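**Q** Input: one structure, supplied below.
The values are calculated or read from the model by the stated rules, or taken from the named source; none is laboratory data. Just so you know, these numbers come straight off a predicted model, no measurement behind them. Glycine also receives a Cβ, built like all others from the backbone with ideal geometry; neighbour counts cover every protein chain displayed. Remember, those area values only see protein heavy atoms, side chains included, never the ligands or the DNA or RNA. Shrake-Rupley method; radii C 1.70, N 1.55, O 1.52, S 1.80 Å.
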Amino acid sequence: MNKKIFVSDFDGTLIDSEEAIPMTTVLAIDEFRSHGNKFVIATGRIPISVLNYNSDFVFMDYVIACNGAYIYDIALEKVIYKNPLPKQVVRTIKQSFEAVCCIDFCTPDCWHLYISTIYKQRRKGNLTSDIKDFNRFLSRNKNNIYKIELHTDTQKKAKEILKELKKMNLKISYNLQVYGENSYIIDITAAGVNKYEAVCFIADYESVKMEDIVAIGDGSNDIEMIQNVGYGIAVANACKEVIKVAKEKVESNEEHGVEKVLNKMNQLH
């Protein structure tokens, strides 16, 4: 595989369960980049939480954040693409689901947790909302909310929310992320936003053909990317939908799967 751009998902793929990146992996990335290639992170996370990993040792060229709604060029230190959620969509999502789940509104530098009074009363727990005045928050963050996360604790609730979103017919993209038995998160972004479209943007930006791009991931938000790049790879801990569309399955994130793929690619130079 002689590829020019390597795109890696973050959680469950590049970082391990301790949220760490082994130095041997960083060195493998550095060698890949030393040949003029580009290393890209594609994640559902907000930008700042990924860029913090780049502070001591620069090993990224681009960060695709919020599932593709935001792209940051490391070398130029600037945003090269952004597609925030419309203000009215943000308000509609909040009003529609605040009674049944916790909601995170994602800006580039923070997750803003909103917990409505009615949800607190239903859960009868010691829940704390970061947003005290939603209207004021929304006014201050107009065109600065790139993703909304709806947090539920059962698969049944998650499916009910997905069904309701479909009926609402909003101009949005959404997918379900499963983080264990009691953690289901529905990611909502602007219409047409996904990691693959963001990779296409970078390919055009770098004048690189799609066949010269390899991508690796584990979750449902990686499916389009894995399926459509030149060579898509699933880590062993990936969900079955990702494994199904991948051309290859490699070791898990705990077994340094990304590093092992890069080492094989580096041997070709």
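**Q** What is the magnitude of the charge dipole of segment 38-100 about its Cα centre, with +1 placed on the Cβ of each Lys and Arg, -1 on the Cβ of each Asp and Glu, and no other charges, expressed in debye to the nearest 20?
**A** With only Lys, Arg, Asp and Glu charged at Cβ, the dipole is about 340 debye.
**Q** Nearest 20 debye, what's the magnitude of the dipole of segment 82-127 about its Cα centre given +1 on Lys and Arg Cβ and -1 on Asp and Glu Cβ?
**A** 180 debye
**Q** Another one. Among DSSP beta bridges lying fully in segment 135-248, give the percent that are antiparallel, nearest 5.
**A** In segment 135-248, approximately 70 percent of DSSP beta bridges are antiparallel ones.
**Q** How high is the relative contact order of the chain, given as a whole-number percent (alpha carbon pairs under 8 Å, six or more residues apart)?
**A** Computed value for the chain: 21 percent relative contact order.
**Q** Now for a different question. Compute the length gained on full extension between K120 and S34: take 0.36 nm times their separation in residues and subtract their Cα-Cα distance, giving the result in nm to one decimal.
**A** Residue separation times 0.36 nm, minus the Cα-Cα distance, leaves 25.8 nm.
**Q** Counting only DSSP beta bridges with both residues in the chain, tell me the antiparallel percent, nearest 5.
**A** If I count the DSSP bridges inside the chain, around 60 percent turn out antiparallel.
**Q** Moving on. Kindly report the accessible area of the chain per residue (heavy atoms of protein chains, probe 1.4 Å, no ligands, DNA or RNA), in Å².
**A** With all protein chains present, the chain gives 48 Å² per residue.
**Q** Quick one: which of K78/K260; K120/K157; K94/K120; K3/K260 span more than 22 angstrom between C-alpha atoms?
**A** Cα-Cα > 22 Å for K78/K260; rest within.
**Q** Moving to a separate point now. Give the ranking of S129, S220, S207 by solvent-accessible surface, highest area first, calculated with a 1.4 Å probe.
**A** From most exposed to least exposed: S207, S220, S129.
**Q** How about K247: which aspartates and glutamates have a C-alpha closer than 15 Å to its C-alpha, ignoring those fewer than 8 places off in the same chain?
**A** E211, D212, D218, D222, E224
**Q** Compute the long axis of helix 87-97 from its Cα atoms, compare it with the longest principal axis of the Cα atoms of the chain, and write down the angle in degrees, 0 to 90, nearest 10.
**A** Value to nearest ten degrees: 70.
**Q** Quantify, in whole percent, the carbon and sulfur part of the accessible surface of the chain (1.4 Å probe; protein heavy atoms only).
**A** C and S fraction of accessible area: 46 percent.
**Q** Loop only by DSSP, 12 or fewer other Cβ within 10 Å of the Cβ. Give me the GluC sites (Glu not before Pro) in segment 24-115 that pass, ordered by residue number.
**A** Loop-located and lightly packed - E77.
**Q** Helix 155-168 versus the longest principal axis of the chain: what is the Cα-based angle in degrees, 0 to 90, to the nearest 10?
**A** Helix 155-168 sits roughly 80 degrees off the main axis of the chain.
**Q** Loop only per DSSP, at most 12 neighbouring Cβ atoms within 10 Å: give me the trypsin sites (Lys or Arg not before Pro) in segment 71-158, ordered by residue number.
**A** K124, K132, K142
**Q** Of M168, I145, V178, whose Cα points farthest to the positive end of the dipole of the chain (charges on the beta-carbon: +1 Lys, Arg; -1 Asp, Glu; origin at the Cα centre)?
**A** M168
**Q** Another question about this same structure. Give the residue list of trypsin sites (Lys or Arg not before Pro) in segment 164-269 that are DSSP loop and have at most 11 other beta-carbon atoms within 10 angstrom.
**A** Within segment 164-269, the qualifying trypsin sites (Lys or Arg not before Pro) (loop, at most 11 other Cβ atoms within 10 Å) are K171, K209.
**Q** At 1.4 Å probe size, what's the solvent-accessible area of V178? Round to the nearest 10 Å².
**A** Its heavy atoms expose roughly 90 Å² to the probe.
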